[in-house]
Amino acid sequence: MLSLQNAGKRFGPRVLFLEANWLIRTREKTALVGANGTGKSTIMKVLAGLETLDYGQMQQTRGMSIGYLPQEGLTLAGRTIFEECLTVFDELREMAREVERLGGQLSVLDHAGLEYEAVAERYSMLQERFHALDGYALDAQVGGVLTGLGFSKEDWTRQTDEFSGGWQMRIALAKLLLAKPNLLLLDEPTNHLDLETRNWLEDYLKSYPFGYILISHDRYFLDVTIDRTVEIWNKRLNIYQGNYTKYLSQKDERRTQLQSADRNQRLQIEHLESFINRFRAQATKAKQVQSRIKELEKIERIEIPEEESTIHFRFPQPPPSGRMVVEAEELSKSYGQKLVLDKVRFGIERGDRVALVGVNGAGKSTLIKLLTGAEAPTGGRVKLGHNVVSEYFAQDQYKVLDGEARILDDISRAALKVPEQALRSLLGCFLFSGDDVFKPLGVLSGGERNRYALARILVSPSNFLLLDEPTNHLDMRAKDVLLDALAAFSGTVVFVSHDRYFIDRLATRVLEVEGGKVTSHEGNYEDYLRWKEAQNVSFQDATLAVPKGGQRDGALVPEDQSATNTESSTEAAKDRTRRLNPIKQKQMEERCAFLEEETPRIEAAIRHTEVQLGVYVSATETQRLTDLAQELREQLAAHTAEWEELMVQLEGA
């Protein structure tokens with residue numbers, strides 16, 4: 001489908017990659033990995049046609065389509081979100097308008113004329129193509145993707161320029177997913193997504209009909225979405241089969257094999273050199289010596305590139321706090337008429353590592369600010385335990401840094417007892433190496449300053465850390481350093497993160513924030529998801545009511561027993577439906593609304609087809625219209641059944 005042949009790229013004197021050979025096949029799901037600065041984004045731009053190669057060539061199949069999502073920088077304006085997404089289908093929408101025009105001409109033209117025959121043929125061809133491309137379901141496709149990416153139905157009619165940069169990138173991602181190019185190039189697509197949206201994107205990509213290439217620092221996301229890994233290492237492309245975890249294992253095996261081959265080669269070279277040096281002066285051995293010299297010259301030396309050193313950093317352990325670190329008592333918070341938290345109660349004990357989860361806007365950041373005292377509650381109170389000293393890392397932590405201070409000087413003042421070499425190693429993990437450590441903080445970007453602010457917290461922590469999105473702007477190496485340090489930390493941690501792997505490895509408890517309430521769950525995020533799934537199954541079971549004196553599984557139920565069972569089932573249903581996931585309920589309501597809007601369109605299409613059947617053109621056309629009408633009726637029946645089922649569940653809730 002697309003290939004790089006002996007490809008190379010450089011920036012000035014610096015070579016990013018050389019002799020790159022890569023065949024990208026149809027439907028391959030690939031991760032592009034490598035250390036920061038090795039050229040991952042540059043290769044993506046080359047594949048997208050936005051950059052040219054300095055060496056080699058790129059070839060692609062004629063007519064293939066490529067869609068590219070950069071990390072940031074896209075801005076859309078001038079349309080509503082829904083209209084912007086529909087522009088992906090401009091060709092189909094024009095086809096629909098032409099079909100409508102041709103249908104009008106057919107109604108007035110003479111059926112016996114040549115013009116009628118030509119128009120009818122064009123009309124039939126366009127309608128078949130429109131149907132094959134699923135043209136009747138454009139609105140449904142747009143609505144499904146926008147809902148999956150976290151846009152509420154109210155957002156669909158808002159102008160695109162009303163949204164911030166992160167949401168702008170979501171709109172651009174929605175357009176790419178709807179366009180379904182033959183090759184999808186996504187550079188850090190999860191940067192601006194919350195966990196719920198990220199889970200939806202995982203499922204979408206699993207069923208994507210074509211190929212894609214991902215760059216991501218989210219290990220779990222890569223594990224569940226790819227089946228091939230391409231690594232840029234030592235200025236070469238190395239290809240591994242399998243997901244990210246398998247790649248790590250295969251990379252270790254490959255390096256071990258390379259080291260073994262290097263040892264064998266060095267022994268061979270030493271043996272040849274020893275023979276040459278021993279017999280160089282003997283005329284009787286001249287022929288053998290020359291043979292060994294030629295053999296030595298032909299040996300292609302194995303090179304083992306230096307591996308990035310693994311940094312292990314441990315927090316200076318803080319003084320212990322009391323057993324109960326913080327308690328929330330009837331805690332409420334509202335902004336004007338908007339109620340974010342409503343009389344929530346929970347406690348956090350020493351040593352807990354608590355993940356706050358919930359959709360964007362649910363109140364996770366607000367809750368952290370209340371726990372730190374950065375914001376005052378509207379009602380209730382937050383009570384800190386004995387000897388608790390908290391430290392807060394905000395998403396905009398960079399705003400409180402001294403812009404005049406140099407990086408190394410500032411972190412040294414915060415960690416007087418930590419050697420400078422250890423500090424420089426830590427800064428290197430957070431992408432500040434070499435002369436970068438002497439830069440003033442004021443010249444760094446917002447993301448760079450946030451990275452530095454997190455490193456600064458690591459060297460002088462309090463015994464109660466509250467971290468809001470600490471994994472933003474970090475690569476996998478920095479995340480691993482942070483994860484290991486927090487896992488060995490003896491204090492208490494409350495954190496918000498959209499990195500599934502990070503949460504699963506660190507959390508010992510999950511607090512779910514939704515609908516103004518906070519619910520506690522023991523275990524990590526995986527345990528929490530299993531609980532959510534069980535709740536959904538319980539809800540579905542609760543909606544299966546047994547009629548009084550009726551049958552179940554073919555057995556008659558006595559009237560008095562049926563009444564008892566129905567009563568207990570109703571109580572159980574009430575108990576379980578109280579715990580219905582509001583996100584799921586909202587999606588069900590929006591799906592119902594869509595079905596209510598879609599049904600009249602299908603009915604109109606059926607009527608239009610039936611009118612066409614009343615005008616005989618040919619046996620082939622009559623059969624095609626008959627099949628189309630039957631298909632539309634089946635679609636209408638399926639929509640109606642789905643709407644009825646959803647309404648039953650919503651009424652039960």
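The values are calculated or read from the model by the stated rules, or taken from the named source; none is laboratory data. Bear in mind that the values here come from a model prediction, so they are computed numbers and not experimental data. Cβ: placed from backbone, ideal geometry, glycine included. Neighbour counts: every protein chain shown.
Some observations on this one:
- Of the candidates Glu598, Glu571, Glu589, the single residue that is modelled with pLDDT under 75 and not in a loop (DSSP other than H, G, I, E, B) is Glu571.
- Check on Ala355, in a strand (DSSP E or B), of a type in the set (A, V, I, L, M, F, W, C) and surrounded by 16 or more Cβ atoms within 10 Å (Cβ to Cβ): yes
- Residues that are assigned to a helix (DSSP H, G or I) and surrounded by 14 or more Cβ atoms within 10 Å (Cβ to Cβ), drawn from the stretch 107-116: Tyr116
- Flag for Leu511 being touching a His at 6+ places or on another chain (Cβ under 8 Å) and either of a type in the set (A, V, I, L, M, F, W, C) or at pLDDT 85 or above (or both): yes
- Residues that are touching a strand residue (DSSP E or B) at 6+ places or on another chain (Cβ under 8 Å) and of a type in the set (Asp, Glu) within the stretch 375-431 comprise Glu375, Glu391, Glu404, listed in sequence order.
- Some residue of the stretch 230-238 being touching a Leu at 6+ places or on another chain (Cβ under 8 Å), at pLDDT 90 or above and under 10 Å from Lys29 (Cα atoms): no
- Options Gly166, Gly104, Gly150: the member that is among the small types (Gly, Ala, Ser), over 30 Å from Thr26 (Cβ atoms) and surrounded by 16 or more Cβ atoms within 10 Å (Cβ to Cβ): Gly150
- Scanning the stretch 22-38 for residues that are part of a loop (DSSP other than H, G, I, E, B) and either modelled with pLDDT under 85 or over 15 Å from Tyr247 (Cβ atoms) (or both) yields Arg25, Thr26, Arg27, Ala35, Asn36, Gly37, Thr38.
- Every listed requirement among (1) out of contact with any strand residue (DSSP E or B) (no Cβ under 6 Å at 6 or more places or on another chain); (2) surrounded by 13 or more Cβ atoms within 10 Å (Cβ to Cβ) is met by Ser249 save one, (2).
- In the set (1) over 30 Å from Gln649 (Cβ atoms); (2) at pLDDT 80 or above; (3) among the charged types (D, E, K, R), Arg500 fails one condition alone, (1).
- When the stretch 292-311 is limited to residues that are exposed (fewer than 11 other Cβ atoms within 10 Å of the Cβ) and modelled with pLDDT of 80 or more, the one that is farthest from Asp480 (Cα to Cα) turns out to be Lys294.
- Of all residue pairs spaced 6 or more apart or on separate chains, those with beta-carbon atoms under 8 Å, a first member in the stretch 49-71 that is surrounded by 14 or more Cβ atoms within 10 Å (Cβ to Cβ) and a second member that is of a type in the set (Ser, Thr, Tyr) are Glu51/Thr42; Met58/Ser3; Gln60/Ser3; Pro70/Ser41; Gln71/Ser41.
- Set Val493, Val459: member being farther than 30 Å from Leu32 by Cα and either within 21 Å of the chain's Cα centre (by Cα) or at pLDDT below 85 (or both): Val459
- For the stretch 404-515, the helices (runs of 4 or more DSSP H) that sit wholly inside it and include 1 or more residues that are of a type in the set (S, T, N, Q) are 407-414, 420-429, 446-459.
- Among residues of the stretch 230-242, those that are polar (S, T, N, Q) and over 16 Å from Gly39 (Cβ atoms), counted: 1
- Filtered by the rule that a residue be without any contact (Cβ under 8 Å) to a residue 24 or more places away in the chain and assigned to a helix (DSSP H, G or I), the stretch 516-534 gives Glu526, Asp527, Leu529, Arg530, Trp531, Glu533, Ala534.
- Among the residues making up the stretch 421-448, those that are aliphatic (A, V, I, L, M) and touching a helix residue (DSSP H, G or I) at 6+ places or on another chain (Cβ under 9 Å) are Ala422, Leu423, Leu426, Leu427, Leu431, Val437, Leu441, Leu444.
Here is a yes/no grid of residues against (1) outside any loop (DSSP other than H, G, I, E, B); (2) modelled with pLDDT of 90 or more; (3) closer than 16 Å to Leu237 by Cβ:
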position: Met44; (1), (2), (3): yes, yes, yes
position: Leu53; (1), (2), (3): no, yes, yes
position: Arg62; (1), (2), (3): no, no, no
position: Gly78; (1), (2), (3): no, no, no
